[in-house]
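Presented below is the structure to which this report refers.
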Amino acid sequence: MKKIALATCREYADLTVEDKLLADCLQNLGFDAQPLVWDEAKQNLADYSTVVIRSCWDYHKKPQEFLAWIDSLEGNGLKVLNPPNILRWNVDKKYLGELEKSGVKIPPTVWFEKGEAGSLSKILAENDWQKAVLKPTISATAWRTFIVTPENAAELQPEFESMLLTGAMVQKFVAEIQTKGEWSFIFFNKKFSHAVLKRAKAGDFRVQDNFGGRVEMTVEPAPALIKAAQKIVENINDNLLYARVDGAEIAGEFCLMELELIEPVLFLENNPSAANKFAAAIARCLELIKVKTTR
């Protein structure tokens, strides 16, 4: 039986619920899928032919170690999915700025490179923003994410200056996430699979479940929103085993918040057929790689 590693973090060393669903579906296709804690000191990489990046939900706290690990997988000749160059590109949220230059709509954002200086009060004043979101450019699951207003800008300035040691972004607050919710569109091998609508709890702006957010499966997205998300995925110039496109509808247009290509929750538990689709996509992706390497 072909052995596949599902990369995870220490907190979920035995896999998350959705990754267990995936492992079962892979087994039905003739694969032996086993957990691999990405930062475990001793790893028997020779046991695997393929590593699928899944729930590495702490990589943002030590990104250089994570990237070095990706390098080691590639150096040991393992197939890595998503592809290593995609993972490297997606680690830093400055990829959003690149997508904006290609025509993708994102919220107005002020970017700060490592070591730059800046003033939160000045940013708000210059852009006429009454509310903005501050976070590091390398972040996940709303880690170190703050709402900035003229009233608390001075209080958050030290936090901002700490972020500037590695890179930061200040983004206009998107009120539609509070009022309408945030869509997540899931793709396997660049084909649309399913969508969910995430809503924040009352008084919050974060839609993640660890902050009280909830997921709605019964609401159908407008075809135009699916089409916009599909276009973003299709324009990525590489193979993508999986992708999650997060965004909000603003004045009838899709606004991209995140393009999750490393370790997104894919809401497999919320869609009965999704785990089978993902497993089939992995099998198809590996077959394409095999054909490509044998030519």
Residue in region 28-39 that is farther than 29 Å from GLU155 by Cα, under 22 Å from the mean Cα position of the chain (by Cα), aromatic (Phe, Trp, Tyr) and part of a loop (DSSP other than H, G, I, E, B) present: yes
The lone exception for ASN85 - which of (1) surrounded by fewer than 19 Cβ atoms within 10 Å (Cβ to Cβ); (2) touching a Pro at 6+ places or on another chain (Cβ under 9 Å) it fails: (2)
Sole residue being at pLDDT 95 or above, assigned to a helix (DSSP H, G or I) and touching a Gly at 6+ places or on another chain (Cβ under 9 Å), chosen from PHE185, PHE160: PHE160
Filtered residue count, region 70-82, keeping only those that are surrounded by fewer than 18 Cβ atoms within 10 Å (Cβ to Cβ) and not in a loop (DSSP other than H, G, I, E, B): 4
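The values are calculated or read from the model by the stated rules, or taken from the named source; none is laboratory data. Here the structure is a predicted model, which is why all the values come from computation and not from measurement. Positions of Cβ are generated from backbone atoms using ideal geometry, with glycine treated the same way; all protein chains shown enter the neighbour counts.
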